[in-house]
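Please read the structure below before turning to the comments.
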Amino acid sequence: QRALADFMNYQKRAMVNEREAREEGVGRVVESLLTVADYLDMALKQDPDRVSAKAVMDGVWLIREELNKVFLEHGVTPIRPNTGEEPNPARHDAMGHEAAEGVDPGHITRIEQHGYELAGRVLRPAKVYVAPQSSSDDAAEE
């Protein structure tokens, strides 16, 4: 009975430790995002009648750069494929076909949305468009 009670206490302590570690990790991420939230609040306080579109865009770029810093601090890296690159199904999600001059069939023509990975694990694949196979290739495959 004592061994069983010790094991049950160990399980309870392990669950508490796991919960505390998770909360601490989330707390660190949230703390690092507070600066980004502050910058967004400052941007929203601007008088739209007195601020130029260029100033707004410059502010958005600064906020985006701050967010990129936060991502890098936590080991999140972007997946940024290049036009003409061969798509990798593990890292790229093909949204459809789109012809583009100078891009080989089956290669990326446009990047719709960048992806992200954490420690080599894809959090979200990059969304891309791929050049269609030529009609002669399709006929040969059939």
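The values are calculated or read from the model by the stated rules, or taken from the named source; none is laboratory data. Because the structure is predicted, anything quoted here is derived from the model rather than measured. Methodologically, a virtual Cβ is constructed for each residue, glycine included, from the backbone with ideal geometry; neighbour enumeration extends over all protein chains shown. Accessible surface is based on the protein model in full, side chains and every heavy atom, while ligands, DNA and RNA are left aside. Shrake-Rupley method; radii C 1.70, N 1.55, O 1.52, S 1.80 Å.
Quick look at the values:
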quantity	calculated
Selection count where residues are under 14 Å from Glu112 (Cβ atoms) and basic (Lys, Arg), scope the range 69-90	1
Condition met for Ile79 (farther than 30 Å from Arg28 by Cα and within 24 Å of the chain's Cα centre (by Cα))	no
The range 117-133, residues that are open to solvent by 50 Å² or more (accessible area, probe 1.4 Å) and among the hydrophobic types (A, V, I, L, M, F, W, C)	Leu118, Ala119, Leu123
Pairs with Cβ under 7 Å, 6+ apart, first in the range 49-69 and within 20 Å of Ala37 (Cβ to Cβ), second open to solvent by 80 Å² or more (accessible area, probe 1.4 Å) and aliphatic (A, V, I, L, M)	Ile63/Leu40
Residue match in the range 87-107 (condition: of a type in the set (A, V, I, L, M) and free of Cβ contacts under 8 Å to residues at least 24 places away in the same chain)	no
Count - residues of the range 41-62 that are open to solvent by 100 Å² or more (accessible area, probe 1.4 Å) and among the small types (Gly, Ala, Ser)	0
Residues located in the range 63-116, provided they are acidic (Asp, Glu) and either open to solvent by less than 80 Å² (accessible area, probe 1.4 Å) or in contact with a helix residue (DSSP H, G or I) (Cβ under 9 Å, 6 or more places away or on another chain) (or both)	Glu66, Glu73, Glu85, Asp93, Glu98
